[in-house]
Amino acid sequence: MGKEPIKLGPYELRVYIEYLREELLDVGQKMGLSHQLTIQASEKLDYFLNEYKKVNN
């Protein structure tokens, strides 16, 4: 039996996106913009921004 994915509403997505944005800025400043962790944080933020866009269209 697998776990069900957590479904976030528009408000929860926005809160999480803001958290990811802050995390991206922090990692980018500490590690540099081309570091793998910065790129991963950016990709994760992009994913959730696209999900938010789907929910709000």
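The values are calculated or read from the model by the stated rules, or taken from the named source; none is laboratory data. Treat the numbers as computed from the prediction; the structure is a model and nothing was measured. Cβ: placed from backbone, ideal geometry, glycine included. Neighbour counts: every protein chain shown.
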Verdict on D46 being under 9 Å from the mean Cα position of the chain (by Cα) and exposed (fewer than 13 other Cβ atoms within 10 Å of the Cβ): yes
Residues that are over 15 Å from E18 (Cβ atoms), in a helix (DSSP H, G or I) and free of Cβ contacts under 8 Å to residues at least 40 places away in the same chain, drawn from the stretch 48-57: N50, K53, K54
Identity of the residue in the stretch 1-16, among the hydrophobic types (A, V, I, L, M, F, W, C) and within 14 Å of the chain's Cα centre (by Cα), that ends up modelled with the lowest pLDDT: L8
Pairs, first in a helix (DSSP H, G or I) in the stretch 1-30, second polar (S, T, N, Q) and loosely packed, with under 10 Cβ neighbours inside 10 Å, C-beta under 9 Å, six or more apart: P10/N56; L13/N56
Scan of the stretch 31-43 for residues that are surrounded by 12 or more Cβ atoms within 10 Å (Cβ to Cβ) and part of a helix (DSSP H, G or I), ordered by number: M31, L37, T38, I39, Q40, A41, S42
